[in-house]
1. If you scan segment 24-41, which residues turn out to be surrounded by 12 or more Cβ atoms within 10 Å (Cβ to Cβ) and more than 18 Å from Val80 (Cα to Cα)?
2. What number of residues within segment 29-54 satisfy the criterion of being part of a strand (DSSP E or B), farther than 17 Å from Ser19 by Cα and not hydrophobic (A, V, I, L, M, F, W, C)?
3. Of the conditions (1) in contact (Cβ under 8 Å) with a residue 60 or more places away in the chain; (2) touching a Leu at 6+ places or on another chain (Cβ under 7 Å); (3) not in a strand (DSSP E or B), Met1 clears all except one; give me its number.
4. Quick one: which residue in Leu120, Leu109, Leu92 is assigned by TED's automatic domain parsing to the domain that holds Ala17, more than 15 Å from Ala64 (Cα to Cα) and touching a strand residue (DSSP E or B) at 6+ places or on another chain (Cβ under 6 Å)?
5. Can you confirm whether segment 3-20 contains a residue that is surrounded by 13 or more Cβ atoms within 10 Å (Cβ to Cβ) and within 16 Å of the ligand (Cβ to nearest atom)?
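The values are calculated or read from the model by the stated rules, or taken from the named source; none is laboratory data. All values reported here derive from a predicted model rather than from experimental measurement. Note that we place each Cβ from the backbone using ideal geometry, even for glycine, and neighbour counts take in every protein chain shown.
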Amino acid sequence: MDNARIDIDRMVRRGEALSGRWPLAGFERLGTLLASSDGDVRWQASARRRARAEGGEDTYLGLALAASLPVPCVRCLGPVDIVVDDRREFLLVADEETAERLDDPESELEVIAADTPFRLAELVEDELILAIPPLPRHAACELPVDHGPEADGGPDGEPASHPFEALRKLRGGTDETGS
Ligand SMILES: [Zn+2]
């Protein structure tokens, strides 16, 4: 993997952007989540410094990622392609402690610790892992579905046909014959 670690200071000084293409097979942690490690991730990284109002300056890393991740469907276990096409910006700070203190989950901007050299491959892997939904499944899975999306949503959020409704009626019937 070329540029698995990058020199952010040099990128800022030279105003250079880096880009590359890495095979998914090169990521060990991500690999455990994939149905197959065929394919690759295309990335582009850039860095800039911006003066702070109170003096000093902040360093930002821009990262664009494009990949298609084949993950197993939770219903049929066949591969579902999760398409990642993302660009985001990170504020780089001195250490993990500062990053945790400054990171605001409400904000689009992520705050991360800047190691020197910066471990770009690790960040790319983290971002790809975060892009995988907790319960990936085919939009139209081949396995039969118990209750489709048409079962949801009356105006007050009550399901149109509650899955337990039939059961409740059934049980009510038995109770009546019992009494
Ligand atoms: Zn499926």
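1. Of everything in segment 24-41, those that are surrounded by 12 or more Cβ atoms within 10 Å (Cβ to Cβ) and more than 18 Å from Val80 (Cα to Cα) turn out to be Gly26, Phe27.
2. Selection size over segment 29-54: 2.
3. (2)
4. Only one candidate passes the filter, namely Leu92.
5. no
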